[in-house]
Every structure is written in structure tokens, then in C-alpha cells.
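Asks: Mind having a look at this structure? Questions to follow.
Where a number appears in this text, it was derived from the coordinates with a stated rule and is not lab data. None of the values given here were measured: they were computed from a predicted structure. Every residue, glycine among them, receives a Cβ derived from its backbone with ideal geometry; neighbour counts consider all protein chains shown.
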Amino acid sequence: MKTRITNHPKTSAFSLLELLVVITIIGIIGAFAVPAVGNLLKGSAMAQAANLISDQTASARQYALTRNRTVEVRFYTFVDPEQPGDTTQYRALQFLEIGDSGIANPVGKFASLPNTVVMNPNAALSSVLNVSAATTPGANDPDLPRGVNRNYKYVSFRFLPDGSTNLSATGGTANGKWFVTAHLLSDLPRAAGSTPPPNFFTWMIDPVSGAMKILRPGV
């Protein structure tokens, strides 16, 4: 009677040394990948903020032109209740139609920047935000979402029915140049004086024509 002998393949496994080598390689790759991913996310937040400001102000001007109405664009400053330890920052905007009674009625959505991006109120970086002292909401002003309610202030300018603005073409602290600079919240300590941090964008508007553009150096 013959006995069949079955050959079983040998089972191989990683040795401890091989596992340590693989873990070390993964760690090295991660050390390079994490900063790159972080920079990518920061860049995405900045692009999203630039598009939001550009889209909202363009929509406000278009509304003024097509409806033959005066439209007010408001830039809001508040403490974000959803961010523990947050400080007061300009981080949202909205446009409102000015009715015949002078009351501002919201017609544009409340548009909040990504929570890592803010608009800098320094006069040298954001002349629009220094067009006047920040206004406390009155009885006819809207509550803001996200738990802000009436705990905010705002500065504003207006688009007139012909698409121009009520901003001075020659005078004011801006000498006729109107703009808003935004950057990462973490870069606030680096945005001193008239020098913005390396990663920023500036929204600019012509006070006479109402034409707007975004300047983002290095992009």
C-alpha cells in the first residue's frame, strides 16, 4: 500500500527587523506628506474664501443693476460661537436691498468664510473695512445664523442702481482706492502694519464703475 506524501508550501512572514524597516519608511513618507497636505488644505481654504467674496459682491452688483435698486454689502465682525476661545474677526458678508423706507432687507445669503480665513481690518490692508466705524445692529437689522444672533458689528458700502458705488472716488482715508485683504487666521501676528503675510489675497473694487477683481500674488 503506497503512502502519498503531500508537500505543503512553506509559510513566510515578516521578521521583526523587516517590520521595523517598513514602519520607518512609512514614518519618513508621512513626515514629508503631512506638511504638503496641510499646505494644500490652506490653499484650498484661501481659494474658497476668494471665490466667496468675489461671488457675493458680484451678485450684489448684478442685483442692483437688474432690479434698479440700491444694495448694501455688509462685512460682519463677530466671535464665532462654534470656535472655543475665538476672538472677534471679520469673517462673513451679506448683501441687502435698501427699501423705500430706508430699511435694509436681506436678499443675499449670509456667506461665512472658512473658519481658518479672516479679513484684516487694518486700514492699510482693508480700506473698505475702515470706511466708517463698525455699526451695531439696530432694531430692523437681521439676526445672524450659527448662534451669532445680534452679537456682531458691521461695516458696509452700497451699490447704486447704475452699478457704481457710494465709495469716494478721490477722498477718504483710502484716497479713492478700495480693497479688502484676507489671509489665514493663524497669520494675524504676521500681518502687522502695511505688510500682509505671505499667503493672502486682496479683493479690489473701482468706486466709480463698480468693477471688481481679486489679486493673489504668487498664484
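Asks: Which order do the peptides 57-69, 186-198, 112-124 come out in when sorted by mean C-beta neighbours inside 10 angstrom, highest first?
Replies: Details: 57-69: 16.7, 186-198: 13.6, 112-124: 19.5.
Sorting 57-69, 186-198, 112-124 by mean packing, highest first, produces 112-124, 57-69, 186-198.
Asks: For THR195 and LEU20, what is the calculated FRET efficiency with R₀ set at 45 Å and r taken between the beta-carbons, to the nearest 0.05? Let's see the in-between values first.
Replies: On the way: r = 48 Å, r/R0 = 1.06.
Step by step, r from the Cβ atoms, then E = 0.40.
Asks: How big is the Rg/Rh ratio for region 113-219, C-alpha atoms only, Rh by Kirkwood, two decimals? Write down the numbers at each step before the final one.
Replies: Details: Rg = 15.0 Å, Rh = 15.2 Å.
Taking Rh as the inverse mean 1/r over Cα pairs, Rg/Rh reads 0.98.
Asks: Calculate I(q)/I(0) for region 16-215 by the Debye formula, one identical point scatterer on each C-alpha and no solvent, and give its log10 at q = 0.12, 0.14, 0.17, 0.19 Å⁻¹ to two decimals.
Replies: Treating every Cα as an identical point scatterer, log10 I(q)/I(0) equals -0.63, -0.82, -1.16, -1.41.
Asks: If you build the convex hull over the alpha carbons only and average its shadow over all orientations, what do you get for region 168-212? Give it in nm² to one decimal.
Replies: Values: hull surface 14.2 nm².
The orientation-averaged projected area of the Cα hull of region 168-212 comes to 3.6 nm².
Asks: How large is the dipole of region 16-215 about the Cα centre if only Lys and Arg carry +1 and Asp and Glu carry -1, each at its Cβ, rounded to the nearest 20 debye? Don't skip to the end; give the middle numbers.
Replies: Working: 14 positive and 13 negative charges, 61 e Å.
So the magnitude is around 300 debye.
Asks: Quickly rank 130-141, 86-97 as a protection proxy: mean count of other C-beta atoms within 10 Å, highest first. Each step should come with its number before you reach the end.
Replies: Working: 130-141: 12.8, 86-97: 20.3.
Highest mean packing first, the order is 86-97, 130-141.
Asks: Sum up the charges of everything whose Cβ sits under 12 Å from the Cβ of PRO137, counting Lys and Arg as +1 and Asp and Glu as -1, but leave PRO137 out. If you can, show how the numbers build up before the last one.
Replies: Numbers: positive: ARG74, ARG150, LYS153; negative: ASP141, ASP143.
Residues near PRO137 contribute +1 overall.
Asks: Now for a separate question. Per q in 0.15, 0.23 Å⁻¹, report the Debye log10 I(q)/I(0) for region 61-154, using one uniform scatterer on each alpha carbon and no solvent.
Replies: These q points yield log10 I(q)/I(0) values of -0.63, -1.30.
Asks: Counting only other residues whose beta carbon sits under 15 Å from that of MET212, what net charge do I get with K and R as +1, D and E as -1?
Replies: Numbers: positive: ARG61, ARG158, LYS177, LYS213, ARG216; negative: ASP55, ASP206.
Local net charge: +3.
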